[in-house]
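K.L.:
Questions regarding the structure given below will be posed in turn.
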Amino acid sequence: MFINNDDTSNLNAFVNANQRYILAIDGLSRSGKTTFVKHLSNGLEKEEVEYTIFHIDDHIVNRSERYNTGFEEWYEYFYLQWNVEWLRKNLFKKLRDSSTYVKLPFYDNENDRHLMKKVELPKAGLIVIEGVFLQRKEWKNFYNEIIYLNCSREKRFGRELEATRLNREKFEKRYWKAEEYYINTFNPLNNADTVIKT
């Protein structure tokens, strides 16, 4: 692992030597990915490393495409929450080629709509992809390195808002079943380059 949780001083030389380096921060919901990426951002800025961060949840589809579709709720969450193939072609693939930018739809949760935005990419620097289910087969081969944040379900559920925890049935039918499928099918703990307990 080229990143140390407490020391990012080697990032500049490493990234410059490797041109564009794509790092995946994978982990289930509430495992600490956002906090980890914030810490990483601080280190990158301190070391003056060029970087771009993508949060995969910024690019989910409209509600009508992922709720009440006729499929089981876990299937909607895992397979329909994102347009997986579109993101493979228009985000992940372009990170590997010589593209200087990507144009992506950013989801506006309040209005259930998208706004297309242009995101500049560094010629030499770190590109961080943060989100759930990043080791799905359509995306996994685009990363240089994968860090998986491992956290128990009980601990993650405890981090949810109290009002959210009241709807436990939704977690059981939608989120937890999809997470179990991901773990059993893609084995993210064993296939990641580094696993960090959070």
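The values are calculated or read from the model by the stated rules, or taken from the named source; none is laboratory data. As the structure is a computational prediction, the values presented were derived from the model and not from experiment. Glycine gets a Cβ as well: all are built from the backbone with ideal geometry, and neighbour counts include every protein chain shown.
K.L.:
What tally of residues in the range 106-145 results from selecting those that are hydroxyl-bearing (Ser, Thr, Tyr) and more than 18 Å from residue 93 (Cβ to Cβ)?
P.N.:
Step one: filter the range 106-145 for residues hydroxyl-bearing (Ser, Thr, Tyr), giving 107, 143.
Those left that are additionally more than 18 Å from residue 93 (Cβ to Cβ): 107.
Result for the range 106-145: 1.
K.L.:
What do you reckon, is residue 67 closer than 22 Å to residue 182 by Cβ and in a loop (DSSP other than H, G, I, E, B)? Give the steps one after another, and end with the answer.
P.N.:
Details: closer than 22 Å to residue 182 by Cβ: yes; in a loop (DSSP other than H, G, I, E, B): yes.
Criteria met by residue 67.
K.L.:
Here is a check on your reading of the model: is residue 118 basic (Lys, Arg), exposed (fewer than 14 other Cβ atoms within 10 Å of the Cβ) and out of contact with any Pro (no Cβ under 9 Å at 6 or more places or on another chain)?
P.N.:
Details: basic (Lys, Arg): yes; exposed (fewer than 14 other Cβ atoms within 10 Å of the Cβ): yes; out of contact with any Pro (no Cβ under 9 Å at 6 or more places or on another chain): yes.
Answer is yes for this residue.
K.L.:
Testing residue 67 on (1) of a type outside the set (D, E, K, R); (2) touching a helix residue (DSSP H, G or I) at 6+ places or on another chain (Cβ under 7 Å); (3) at pLDDT below 95, one condition comes back false. Which one is that?
P.N.:
Every condition holds for residue 67 apart from (3).
K.L.:
Kindly indicate whether residue 189 is crowded, with 20+ Cβ neighbours inside 10 Å, touching a residue at least 12 places away in the same chain (Cβ under 8 Å) and of a type in the set (A, V, I, L, M).
P.N.:
Numbers: crowded, with 20+ Cβ neighbours inside 10 Å: no; touching a residue at least 12 places away in the same chain (Cβ under 8 Å): yes; of a type in the set (A, V, I, L, M): yes.
No, not satisfied.
K.L.:
Please find, among 88, 159, 96, the residue that is touching a residue at least 40 places away in the same chain (Cβ under 8 Å) and more than 20 Å from residue 23 (Cβ to Cβ). Before you say what the answer is, go through the steps one by one.
P.N.:
Details: 88 fails: more than 20 Å from residue 23 (Cβ to Cβ); 96 fails: more than 20 Å from residue 23 (Cβ to Cβ).
None of the other options fit; the residue is 159.
K.L.:
Then there's this: Out of the residues in the range 7-30 that are modelled with pLDDT of 90 or more and among the β-branched types (Val, Ile, Thr), which is farthest from the chain's Cα centre (by Cα)?
P.N.:
Once the filter is applied, the top-ranked residue is 22.
K.L.:
Restricting the range 72-104 to residues that are over 16 Å from the mean Cα position of the chain (by Cα) and part of a helix (DSSP H, G or I), which is surrounded by the fewest Cβ atoms within 10 Å (Cβ to Cβ)? Show your work before the answer.
P.N.:
Initially, the range 72-104 is screened for residues over 16 Å from the mean Cα position of the chain (by Cα), giving 72-76, 89, 94, 96-103.
Remaining after also requiring part of a helix (DSSP H, G or I): 73-76, 89, 94, 96.
Numbers: 73: 19, 74: 19, 75: 16, 76: 19, 89: 11, 94: 18, 96: 14.
Top of the filtered list is 89.
K.L.:
May I pose another question? What pairs come out if I take residues in the range 172-185 that are part of a helix (DSSP H, G or I) and pair them with residues that are of a type in the set (A, V, I, L, M) and surrounded by fewer than 21 Cβ atoms within 10 Å (Cβ to Cβ) whose C-beta lies under 8 Å away, six or more apart or interchain?
P.N.:
Here the result reads 183/189, each pair linking the range 172-185 to a residue that is of a type in the set (A, V, I, L, M) and surrounded by fewer than 21 Cβ atoms within 10 Å (Cβ to Cβ).
K.L.:
What number of residues within the range 31-64 are part of a loop (DSSP other than H, G, I, E, B) and either at pLDDT below 95 or small (Gly, Ala, Ser) (or both)?
P.N.:
From the range 31-64, those part of a loop (DSSP other than H, G, I, E, B) are 31-32, 47-50, 61-62; that's our starting set.
From what is left, the residues that are either at pLDDT below 95 or small (Gly, Ala, Ser) (or both) are 31-32, 47-50.
Within the range 31-64, residues that are part of a loop (DSSP other than H, G, I, E, B) and either at pLDDT below 95 or small (Gly, Ala, Ser) (or both) number 6.
K.L.:
Something else: Residue by residue through the range 139-166, note down the ones that are over 16 Å from residue 31 (Cα atoms) and loosely packed, with under 12 Cβ neighbours inside 10 Å.
P.N.:
141, 162, 163, 166
K.L.:
On the basis of being more than 17 Å from the chain's Cα centre (by Cα) and among the hydroxyl-bearing types (Ser, Thr, Tyr), does residue 185 make the cut? Explain how you work it out, then say what you get.
P.N.:
Details: more than 17 Å from the chain's Cα centre (by Cα): yes; among the hydroxyl-bearing types (Ser, Thr, Tyr): yes.
In short, yes.
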